[in-house]
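Student: Pasting a structure below so you can have a look.
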Ligand SMILES: Cc1cc2nc3c(=O)[nH]c(=O)nc-3n(C[C@H](O)[C@H](O)[C@H](O)COP(=O)(O)O)c2cc1C
C-alpha cells in the first residue's frame with residue numbers, strides 16, 4: 001500500500017474504519033474515544049473535525065487486529081517477513097557452484113532496497129514559525145505533562161551512517177521545542193551518545209508523521225543494530241521504501257503525511273513526563289533523575305489536507321497489543337537464529353510485552369531451559385523481559401492452561417526458578433522501587449531429563465492404542481469425532 005491514505009481506504013472497504021463527524025479535541029477527547037473503541041470492539045477511526053486544528057483530520061487505532069495487519073502486508077504468515085532477510089543470507093555464496101542460484105536472490109534483495117526520490121507530497125506546504133503548535137498532538141491522560149506526539153517516526157543516522165527510524169514519544173514544550181523520550185538502550189540514545197562523544201554540537205533529526213502500515217510497524221520493531229531500519233522497512237513492506245532527503249540530510253519516508261525537520265542540541269537535556277504509559281500507570285522519568293534531549297523544530301512540511309496519526313496507550317489491550325503481537329510473529333524466525341532450539345514464543349498482551357514471555361524449546365540436553373533464559377536476557381530488547389517461562393515444545397505457549405500445567409508438573413522451584421537481582425529492566429515497570437533496576441524471574445518449566453531428576457523416573461500416562469481404536473466409533477457417535 002502506497003501510504004496511510006491508501007491503507008485507510010483499504011480499511012474502509014473492509015468495514016474496519018469509522019468516521020466521526022463531530023468535532024473532538026486531541027486533548028483527552030480523541031484519546032478517550034480511541035480507547036473505548038479498542039476495548040469494546042477494535043476498529044480504526046478517522047476524526048473528520050479536530051478542535052483547534054481545522055486543516056487536519058486525525059486517524060487512530062490503525063492496527064486493528066493482527067489478522068488485518070497480516071492481510072495488509074500481503075503475507076500468508078507474519079513469520080514470512082522475518083524469514084525474508086534470512087533467506088537472502090542463506091544465499092551468500094559459499095562456493096563456486098552456489099553462485100548462480102544467488103543471482104536470483106540478489107534480484108530479490110534489490111526489490112527490498114530503499115530508494116531516494118526527488119519528490120514528496122509533504123513538501124507542498126511549509127511552516128517555519130512555531131511549527132509544533134500547528135500539529136494536533138494528543139494529551140492522552142489527564143495528568144500527562146503536556147501534549148505528546150505518540151507515534152512519531154523519529155529519523156536520524158548515527159555518525160557511522162546507520163539509519164534509524166524509531167517510535168519514541170515526544171513531549172511538546174512549546175511551538176519550537178520538544179523532548180524525545182528515547183530510552184537508554186534504544187538506537188536514538190546510542191546515536192546521541194556517539195554525537196556527544198564526538199563533540200558534535202547538533203544531531204540532525206526529523207520526525208515523520210503518518211506513513212504506510214509496513215513503515216509504521218518497522219519503526220517500532222527491535223531491529224538489531226547495525227542493520228539499517230530503512231532497509232528493514234523493505235522486508236516488512238515487501239518492497240523498498242521510497243525516501244526523501246531533507247535539507248538537514250536526514251532521510252524520511254517520502255509518503256509521510258507530515259515531517260518536522262530539526263535537530264537535537266547534544267548537550268541540552270530536559271525533564272520529561274509524567275506520561276500515562278503501556279502498563280496503565282503514569283511514567284515519571286524525573287523520579288529516576290532521567291533527563292532527555294531537547295528537539296528543536298525548524299520547520300514543518302505537510303501534505304494538503306494532512307492526516308495526523310497518534311497512538312493511545314494505557315491498560316491493555318489497546319492498539320499497542322496488536323503491534324506487539326505482530327512483532328512477536330515477525331521476529332520469531334530471527335530469534336531462532338540466536339537460539340535454534342526455540343519453537344514458539346508468546347508475549348501475552350496483558351503482560352505488556354516486556355512483562356511476561358513464554359517460550360517453547362526443543363530440549364536436547366540438561367540445563368537447556370536455563371541456558372535459554374539467560375540467552376534471552378542477553379539479547380536485544382528481549383533482555384528487558386521481567387518474567388520468562390520456558391516450556392518444552394509439546395506445550396502450546398499460547399494456551400495459558402497448558403503453560404500452567406507445565407509449571408505445576410515440571411517445576412521444582414528450588415531447582416528451576418532463577419531470580420536475577422538488580423538487573424536492567426523496563427524503566428516503565430510500575431512494580432520496582434528503583435527502575436530501571438529491577439529483578440528478573442525465570443521459570444524453567446521444561447520436561448526434566450533423567451540427569452535433572454537425580455535418577456528418579458516419572459512416567460507420563462498414555463492411553464492404550466488398542467482401546468482407543470475400539471472406541472473410535474463411539475467417540476464419533478457421542479462426541480462428533
Ligand atoms: C506507541 C508506542 C510508543 C513508544 N514510545 C517509546 C518511547 O517513548 N521511548 C522508547 O524508548 N520506546 C518507545 N516505544 C518502543 C520503541 O518504539 C521500540 O522499542 C523500538 O523497537 C525502538 O526502536 P530502536 O531499536 O530503533 O531504538 C514505543 C512503542 C510504541 C508502540
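The values are calculated or read from the model by the stated rules, or taken from the named source; none is laboratory data. Model, not experiment: these values are computed from the prediction. Reconstructed Cβ throughout: ideal geometry from the backbone, glycine too, with neighbour counts over all protein chains shown.
Student: Looking at (1) free of Cβ contacts under 8 Å to residues at least 12 places away in the same chain; (2) out of contact with any strand residue (DSSP E or B) (no Cβ under 9 Å at 6 or more places or on another chain); (3) outside any loop (DSSP other than H, G, I, E, B), which one does residue 340 not meet, given that it meets all the others?
Tutor: (3)
Student: I would also like to ask the following. Report those strands (runs of 3 or more DSSP E) wholly inside the stretch 239-295 carrying at least 3 residues which are at pLDDT 95 or above and more than 22 Å from the chain's Cα centre (by Cα).
Tutor: On the way: elements: 242-245, 251-253, 258-270.
Per the criteria, 258-270.
Student: Between 310, 324, which is over 14 Å from the mean Cα position of the chain (by Cα) and either buried (at least 21 other Cβ atoms within 10 Å of the Cβ) or not assigned by TED's automatic domain parsing to the domain that holds residue 141 (or both)?
Tutor: Being over 14 Å from the mean Cα position of the chain (by Cα) and either buried (at least 21 other Cβ atoms within 10 Å of the Cβ) or not assigned by TED's automatic domain parsing to the domain that holds residue 141 (or both) holds for just one of 310, 324, which is 310.
Student: Next question. Scan (1) assigned to a helix (DSSP H, G or I); (2) within 18 Å of the chain's Cα centre (by Cα) for the single condition residue 195 breaks and write down its number.
Tutor: Unmet for residue 195, out of (1) assigned to a helix (DSSP H, G or I); (2) within 18 Å of the chain's Cα centre (by Cα): (2).
Student: Here's another thing I want to ask about it. Among (1) closer than 29 Å to residue 254 by Cβ; (2) in contact with a strand residue (DSSP E or B) (Cβ under 8 Å, 6 or more places away or on another chain), which single condition is residue 37 missing?
Tutor: (1)
Student: Hey, another quick one. Tally the residues that are part of a loop (DSSP other than H, G, I, E, B) and either in contact with a strand residue (DSSP E or B) (Cβ under 7 Å, 6 or more places away or on another chain) or near the ligand (Cβ under 10 Å from one of its atoms) (or both), restricting the search to the stretch 126-145.
Tutor: Final tally of qualifying residues: 9.
Student: Got a sec? Which of 134, 156 is assigned by TED's automatic domain parsing to the domain that holds residue 50, in contact (Cβ under 8 Å) with a residue 60 or more places away in the chain and within 26 Å of the chain's Cα centre (by Cα)? Step through it out loud before you land on a result.
Tutor: On the way: 134 fails: within 26 Å of the chain's Cα centre (by Cα).
Result: 156 is the single residue among 134, 156 that is assigned by TED's automatic domain parsing to the domain that holds residue 50, in contact (Cβ under 8 Å) with a residue 60 or more places away in the chain and within 26 Å of the chain's Cα centre (by Cα).
Student: Specify which of the listed residues (185, 181) is surrounded by 23 or more Cβ atoms within 10 Å (Cβ to Cβ) and on the phi < 0 side of the Ramachandran plot.
Tutor: Residue meeting the stated conditions: 181.
Student: Applying the selection to the stretch 242-260, what residues are touching a residue at least 40 places away in the same chain (Cβ under 8 Å) and farther than 17 Å from residue 303 by Cβ?
Tutor: Result: 245, 248, 249, 250, 251.
Student: Of all residues in the stretch 146-161, which are in a loop (DSSP other than H, G, I, E, B) and either over 15 Å from residue 31 (Cα atoms) or within 13 Å of the ligand (Cβ to nearest atom) (or both)?
Tutor: Within the stretch 146-161, 150, 151, 152, 158, 159, 160, 161 meet the criteria.
Student: Can you name every one of the helices (runs of 4 or more DSSP H) wholly within the stretch 364-458 that holds 2 or more residues which are away from the ligand (no atom under 16 Å from the Cβ), in the same structural domain as residue 343 (by TED's automatic domain parsing) and within 26 Å of residue 289 (Cβ to Cβ)?
Tutor: none
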